[in-house]
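Worksheet: the structure to be examined is printed underneath.
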Amino acid sequence: MHHAPGTPDRPSRLPRALRPLLALALTAAGLAALPVTPAGAGDGGPAAALAANPYERGPAPTTASIEATRGPFATAQTTVSASSVSGFRGGTIYYPTSTAEGTFGAVAISPGFTAGQSAVSWLGPRLASQGFVVITIDTLSVYDQPASRGTQLLAALDYLTNTSAVRTRIDRNRLAVMGHSMGGGGSLSAANARPALQAAIPLTGWHTTKNWSSVRVPTLVIGAENDSVAPVSSHSEPFYTSLPATLDKAYLELNAASHSAPTSPNVTVAKYSISWLKRFVDDDTRYEQFLCPAPRGTAIEEYRDTCPHS
């Protein structure tokens, strides 16, 4: 299970090889501490007494639920004016209207070179309805380079958690970044700068930096087979390959898709982004079935990963 480093209620990440041993130790310790339930004394028992993951939000997922245009949560949205924030040029917040299940993880999403937030706006309600607070941002300049976009993504997350109208709906320890093109490169820069993030998803990302061996954030790299702007051979594939082998990471290449594929509703982009965010922002292992073993299908040209994640 993935945990953010340095937060009081979540231990630092362990090397992959030690995770099964820790899981067994914790399970044994938990079972040993449980009271003995006499036979016939009810249907509680050890399984019922074990606490469920406190970050799970929503019902058990299905292929249909992660492919749907809307998830189980009703959502609302609010505009963030450029004049009301610093470090980025405003945007739109999408959020679940009910907090009956508790607080939510949050995701900041950046558009690419020359684009505004409208290029990634479809992801706002799609992700929010699955149980996340989402902000799609406009950048200070549409010509900002990836590193700047990464800084702006972090500024947007800081705004969400510190001063936004929805800050009480957010668990500030469960944050993620996404972006398209140079915004995708920005998500890598943000992950590199802030290892406490829970997930990063560059969408047909573009960046002059190819080596991301210092990233410690679970990263799903999404590339497109026919991308002529950020060809996978010189962008997404080197990004993925350079990430540490010990990291929870995956590379998904969209079959016969172009650079702009993530800028309009795309079932494949959505279902695996949702699964990745649920798995690593919410620690929700119910979604691991969609990531491990590696998914296959006509929409996927190639998929690489470091399964198992748990």
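Every read-out reported here was derived from the displayed coordinates using simple, explicitly stated rules and does not represent laboratory data. None of these values were measured; they are calculated from a predicted model. Because the Cβ atoms are built from the backbone with ideal geometry, glycine has one as well, and the counts that use them run over all protein chains shown.
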task: Give the calculated FRET efficiency between Ala193 and Ser264 to the nearest 0.05, with a Förster radius of 35 Å applied to their Cβ-Cβ distance.
output: 0.75
query: Nearest 0.05, what FRET efficiency do Ala82 and Lys210 give at R0 = 30 Å with Cβ-Cβ as r?
result: 0.40
task: Hey, for a label at Thr298 modelled as a point 7 Å past Cα toward Cβ, could you say which residues of region 249-287 have their backbone N under 13 Å away?
output: 255-256
query: Quick one: length gained pulling Arg172 to Thr97 fully straight, 0.36 nm per residue minus the C-alpha distance?
result: 25.2 nm
- line: Most packed first (mean Cβ within 10 Å per residue), the peptides 184-190, 289-295 order as 184-190, 289-295
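Can you give the FRET efficiency to the nearest 0.05 for Glu225 and Tyr143, using r as the Cβ-Cβ distance and R₀ = 25 Å?
Details: r = 28 Å, r/R0 = 1.10.
My answer for the efficiency is 0.35.
Over region 168-215, what is the relative contact order in percent, taking alpha-carbon pairs closer than 8 angstrom and at least six residues apart? Don't skip to the answer; put the middle values down first.
Values: 74 pairs, mean separation 19.6, N = 48.
Result for region 168-215 is 41 percent.
What number comes out for the charge environment of Tyr303, summing +1 per Lys or Arg and -1 per Asp or Glu over other residues with Cβ under 9 Å away?
Numbers: positive: Arg296, Arg304; negative: Glu253, Glu301, Glu302, Asp305.
With Lys, Arg at +1 and Asp, Glu at -1, the neighbours total -2.
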